[in-house]
1. Which condition number in (1) part of a helix (DSSP H, G or I); (2) modelled with pLDDT of 80 or more; (3) in contact with a helix residue (DSSP H, G or I) (Cβ under 9 Å, 6 or more places away or on another chain) is the one that residue 369 fails?
2. Among the numbered criteria (1) surrounded by 16 or more Cβ atoms within 10 Å (Cβ to Cβ); (2) modelled with pLDDT under 90; (3) not in a helix (DSSP H, G or I), which single criterion is violated by residue 420?
3. Does residue 397 qualify as being modelled with pLDDT of 90 or more, in the same structural domain as residue 485 (by TED's automatic domain parsing) and crowded, with 21+ Cβ neighbours inside 10 Å?
4. Out of 105, 140, report the one residue that is at pLDDT below 85 and in the same structural domain as residue 9 (by TED's automatic domain parsing).
5. Quick one: which of 436, 502, 411, 425 is crowded, with 18+ Cβ neighbours inside 10 Å, in contact with a strand residue (DSSP E or B) (Cβ under 7 Å, 6 or more places away or on another chain), at pLDDT 90 or above and under 28 Å from residue 117 (Cα atoms)?
6. Scan the stretch 343-350 and give yes if some residue there is surrounded by 15 or more Cβ atoms within 10 Å (Cβ to Cβ) and either within 24 Å of residue 438 (Cα to Cα) or at pLDDT 75 or above (or both), otherwise no.
């Protein structure tokens, strides 16, 4: 997009800025409870709208600013996924609505990247906001509890014990000399939580009868700890009269006789933590949604390898006559790579529930050969020579062929890009015990020592415009296959060596038989 087109697009977007902010406000108005007036929320959304338009037209695009806009939205205490969904819907629709086709196309890719990074920032900040609110509530309860404790310090012993604990219900158990446990009292709120009266619980056989069958051993250990004279906290499930399962955190404290010997009483309080457990699950889902936002950014990187292979092989195919067997081979590779593109897109769409990948016996030498065919055009253009050392008696490895091929492509393309002025790539494989070790050595410049510890971290990149995902994805794939991946600089600046270890097929199958 040239400067004139950019200026025209800028004017169009700024003309609809106020309407966009108003529609954004109306869309998310009822998706959360926020501690700000409507006027204040409207003002802040207007600022975010202006920042969004500026970022979409900026060069270069700054993912960090997109994350910051998403975080600013969450700081308004709109932390529900519904808020983000409506936000993305409004922005995607109104920013592109009515634009000429060429301007809409130019803005579409930038808008897609913006929404992905915005989602990442939103969910990260939403998580922090929720945790901060949870901490504030907890501290307020503690402060309130301390006030109660001070106010009730001279009350009857039963209520003095209860005041030491924040709970949904409190209780006291008496311990007879022969070890019999007597239920002295339980607060009425016990019935609110479980639906049972204390009499009904006694008739059912006592306290263990309302504990979830799978948690009775946990509750029993908790009781034994208290009987031994030690205070204890335990979490387990109760089954209510209506069949509902509720999580409780039980705080117990033993009371000894006047001589400080035997435990004669246990006082305790139980806190209904079902909502806390549900919040933990919500935070886990939030983390996954944040990851999905980042996966959207990773998609461009993942698609690049097969697209490059398709381009290279189409160029090669055009150099042959129609009847040429070589041309047929290159076109077959193109077909396979198109299928791999489809698989990558499907994997992103199914990210929430990744499919079970089927593993096979893999001939690593064949995969290396295929990798070099796929990047052949890049190798020639970059004047990179390749030497392979792959013994014919290499054992197969056990894994998902397409994923191992992805690792080899990532490492090979990484090596080519490290030698823009040409160089040499050495690929070798050796057997070490039950592992196959594959080495890729390039004679490009060494990696700065301070970067070596971060080279496999997601979003870490030393290349301009790099996503920092290729090596992170490779590391994840190799680890899932039970292997390792490492990097080191060779001595005297003679290059960089990447090593990948994968379990041999026979070792995996032997372990399965033993198991």
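The values are calculated or read from the model by the stated rules, or taken from the named source; none is laboratory data. If you're wondering where the values come from, they're calculated on a predicted model, not measured in any experiment. Methodologically, a virtual Cβ is constructed for each residue, glycine included, from the backbone with ideal geometry; neighbour enumeration extends over all protein chains shown.
1. The failed condition is (3).
2. Of the numbered conditions (1) surrounded by 16 or more Cβ atoms within 10 Å (Cβ to Cβ); (2) modelled with pLDDT under 90; (3) not in a helix (DSSP H, G or I), the odd one out for residue 420 is (1).
3. Numbers: modelled with pLDDT of 90 or more: yes; in the same structural domain as residue 485 (by TED's automatic domain parsing): yes; crowded, with 21+ Cβ neighbours inside 10 Å: yes.
It is true that residue 397 is modelled with pLDDT of 90 or more, in the same structural domain as residue 485 (by TED's automatic domain parsing) and crowded, with 21+ Cβ neighbours inside 10 Å.
4. Numbers: 140 fails: in the same structural domain as residue 9 (by TED's automatic domain parsing).
After ruling out the rest, the residue left standing is 105.
5. Values: 436 fails: under 28 Å from residue 117 (Cα atoms); 502 fails: under 28 Å from residue 117 (Cα atoms); 425 fails: under 28 Å from residue 117 (Cα atoms).
Just a single option satisfies the conditions, and that option is 411.
6. no
For every residue, the table says whether it meets (1) buried (at least 19 other Cβ atoms within 10 Å of the Cβ); (2) more than 20 Å from residue 51 (Cβ to Cβ).
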residue	(1), (2)
87	yes, no
91	yes, no
95	yes, no
100	no, yes
108	no, no
114	yes, no
119	yes, no
123	yes, no
133	no, yes
